[in-house]
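K.L.:
This is the structure I have questions about; it appears just below.
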Amino acid sequence: MKKFLKKIFNIFMKPEMMILPGQLAFFIILAIFPLLTLIGYIGSNISLFSNAFVSLMNNILPEDVSNVLMPFLTNSHITGNVAFFMIIGFYLISNGTNSLIVTSNELFGIKHAPFLKRRTKAFFMIILLMALFIFNVLVLAYGNVIAKHIISLEIFANISDKLYAIFILLKWPIAFACIFWMIKLIYALAPDDQIPSKYMNKGALFTTLGWVIITAIYSIYISNFANYKMFYGGISTIIVMMIWVYFLAYILVMGIAINSAEYEEAKKISNKKTKTVQDS
């Protein structure tokens with residue numbers, strides 16, 4: 001166990017591993033605005049975002065976050081210039097997931113795939129990563145606040161307490177299972193060669209636990225301290241959200257280190273067994 005932990009530590013201390021969490025966090029935050037613009041455009045044109053929805057989101061989100069995000073989410077048209085910058089934005093964002101792929105290849109000792117194939121996979125991984133991030137935000141970070149607003153509606157007046165109790169009871173196990181499988185899928189897709197999925201379990205479990213814990217802490221902040229502006233004034237909530245995203249990225253990268261250490265250890269054991277059989 002001590003050797004395994006030392007191996008993980010040595011892997012994580014590599015320069016690329018120290019840089020990757022900050023790079024990934026930066027691109028996740030960068031991805032939010034083009035993604036919200038696209039969602040806002042689609043939602044507005046199919047009448048998904050009513051005034052009631054906008055009012056609900058304004059009530060749920062901290063004021064600092066709402067003021068920044070809602071103009072993108074309620075955007076009903078995309079001009080040529082906006083579309084151009086969205087395309088450029090998504091390409092730049094794919095650099096983050098591309099770094100995840102390249103780092104995974106290097107840690108697992110895999111040859112890089114051709115540029116176009118790797119970049120296509122990077123775009124697909126953006127969708128997965130953003131879906132995971134949005135799920136984390138809506139269910140774990142803001143889930144309690146959203147649930148309270150929904151069950152406070154008049155139609156749930158007689159059963160609101162029961163509904164909230166059911167939500168609290170089911171939220172964590174369902175969220176844990178969903179996050180685990182989505183993270184495991186990201187880890188399995190990242191290397192450019194197929195690695196048996198059993199070597200992704202420890203990293204995915206570690207990352208899921210880390211994400212749940214750090215998001216629970218962030219959720220407590222949202223529920224109790226979101227209006228405090230001790231250090232950064234009006235942008236305190238945005239800064240805290242950025243720190244939260246950085247920790248999510250940091251834990252995600254640590255999961256890769258755990259998986260690669262597990263895979264390397266398994267290869268050594270397999271090689272020893274093969275050598276023993278050949279010698280005998």
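Bear in mind that the values in this text are calculations on the coordinates, not laboratory data. What you see is a predicted model, and the numbers here were worked out from it, not measured in a lab.
K.L.:
Is the stretch 79-219 best put as rounded, prolate or oblate by its Cα gyration tensor, with a ≥ b ≥ c the root eigenvalues, rounded for a/c under 1.5, and otherwise prolate when a/b is larger than b/c, oblate when not?
P.N.:
oblate
K.L.:
Over 21 Å between C-alpha atoms is what I'm after, so list which of Lys111/Lys202; Lys14/Lys184; Lys6/Lys267 land there.
P.N.:
Pairs exceeding the cut-off: Lys111/Lys202; Lys14/Lys184.
K.L.:
List the lysines whose Cα sits under 19 Å from the Cα of Lys272, skipping any in the same chain fewer than 8 residues away.
P.N.:
Lys3, Lys7
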